[in-house]
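Since the structure comes first, as structure tokens, the remarks are kept for the end.
Where a number appears in this text, it was derived from the coordinates with a stated rule and is not lab data. Predicted model, so just to flag it, every value in this text is computed and none were measured. Glycine also receives a Cβ, built like all others from the backbone with ideal geometry; neighbour counts cover every protein chain displayed.
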Amino acid sequence: MRKPWWMRQQQQLLLLRNCSSSSSCCGAAAAAVGEREQQQLLQLQQLLLQQQQQQQQQRQLQQLQQWQLLQRREQQRLPQQWQRQQQQQQQQQQQQQQVAADADLAFAKALIFGYQPLEYPLWFRV
């Protein structure tokens, strides 16, 4: 497998540094090339760091957006749940009122028409 270009440049830089000890002319050329290579590697490292920071910021932004979405859903769900509970309570109250009204009507009929105690509805029996 072939190495990435920046790794190959690092290897060339090491070779040039080793070459610099053999002759002064070759050493000056190697130093110039080596300095340029070092600047390129530094730029590459800075670029990689910027990319990593951008990716981290994107992940954080996505996490924040997901959290906000969950919060919105929860806020929408709570009023619906509260509304359902209110409706159930109202229905129970209406049923209780209806039962009470039926009992009052049955009791009034018993008083008016003179029903015997055995003819009372079951909920009147003690």
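With a Förster radius of 30 Å applied to the C-beta separation of residue 68 and residue 89, the computed FRET efficiency comes to 0.40. Can you compute the FRET efficiency between residue 33 and residue 53 using 1/(1 + (r/R0)^6), with r the Cβ-Cβ distance and R0 = 30 Å? Round to the nearest 0.05. Efficiency, rounded to the nearest 0.05: 0.45.
The simple Förster model, with R0 at 41 Å and r as the Cβ-Cβ distance, assigns residue 104 and residue 60 a FRET efficiency of 0.05.
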